[in-house]
Amino acid sequence: MKTFREKYLPGVLDAGLEWGAYWWSDATNEYSARNEALAFIDELANLKPTFPVFMDQEYASPVGKLDRESNRKLRSRLIDTFCGTLENYGFYAGIYASTDWFNNWVDDSMIRKYTHWVAQYSSKCPYPRNYGIWQYKVSGANEIPGCALPVDLNIAYHWYPNLIKKRCFNGWCRNDV
């Protein structure tokens, strides 16, 4: 099976697009969260994302199958461990999840220091706190020329490429800017 850097990234780079990446997490303890972050860092070796790199934590992941209320702090510690590890290695880290996940499945006060990419498939994002990117869905037909299928779209509320390059995250400022 091809990795993202073999299958998708060449076309993205050839087209001159800005890009980031995310890691679907199966971590259930802080040790595995750190190891996943290190594996993600290995996948990103010698690459320079211009958008943040995200941990993706969802209902179908192992921690999503644990009791919602009694495991909120655990999920938040896993996010903090994963994203903190990325930051320690110079990456601009964030967390990708749904509005419901941020509101009800984690203790958002423990992770608000990381940029949030909020998946909310409606006409507006009702997430009440700061977030950097909103993902929503459009039908495709008549909304995006040439696209007849539903697609996810994203709105970034910060121009991350400038911020990341200026602050030397994600491998930028090593040899070039």
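The values are calculated or read from the model by the stated rules, or taken from the named source; none is laboratory data. Because the structure is predicted, anything quoted here is derived from the model rather than measured. Counting neighbours? That spans all protein chains shown, and the Cβs are built from the backbone with ideal geometry, glycine included. Remember, those area values only see protein heavy atoms, side chains included, never the ligands or the DNA or RNA. Shrake-Rupley method; radii C 1.70, N 1.55, O 1.52, S 1.80 Å.
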Expressed as a whole-number percentage, the relative contact order of the chain with C-alpha contacts under 8 angstrom and at least six residues apart is 19 percent
Taking Lys and Arg as +1 and Asp and Glu as -1, residues besides residue 149 with C-beta under 15 Å from its C-beta add up to -1
Restricting things to alpha carbons, tell me how big the chain is in terms of Rg and Dmax, in Å.
16.5, 47
Pop the C-beta distance of residue 69 and residue 124 into the FRET formula with R0 = 35 Å and round what comes out to the nearest 0.05.
0.80
Carbon-plus-sulfur fraction of the accessible area of the stretch 39-170, 1.4 Å probe, in percent?
51 percent
Percent of Cα-Cα distances greater than 16 Å, calculated over the stretch 12-114:
54 percent
For the chain, cysteines whose Cβ has no other cysteine Cβ within reach (under 4.7 Å)
83, 125, 147
Among all stretches of the chain without exposed GluC sites (Glu not before Pro) (DSSP loop, at most 16 other Cβ atoms within 10 Å), which one is longest?
59-142
If exposed means no more than 13 neighbouring beta carbons inside 10 Å and the site is in a DSSP loop, what's the longest run of the chain without any exposed chymotrypsin sites (Phe, Trp or Tyr not before Pro)?
60-120
Regression test value, accessible area per residue of the stretch 1-125, probe 1.4 Å, units Å², expected 50 Å²
Please give the net charge around residue 104, taking every other residue with its beta carbon less than 10 angstrom from that of residue 104, where Lys and Arg add +1 and Asp and Glu add -1.
-1
Distance in Å, no decimals, from the C-alpha centre of the stretch 113-136 to the one of the stretch 16-95 is 17 Å
Which shape class applies to the stretch 98-177: rounded if a/c is under 1.5, otherwise prolate when a/b exceeds b/c and oblate if not, where a ≥ b ≥ c are the square roots of the Cα gyration tensor eigenvalues?
oblate
The stretch 70-111: trypsin sites (Lys or Arg not before Pro) in DSSP loop, at most 15 other beta carbons within 10 Å
none
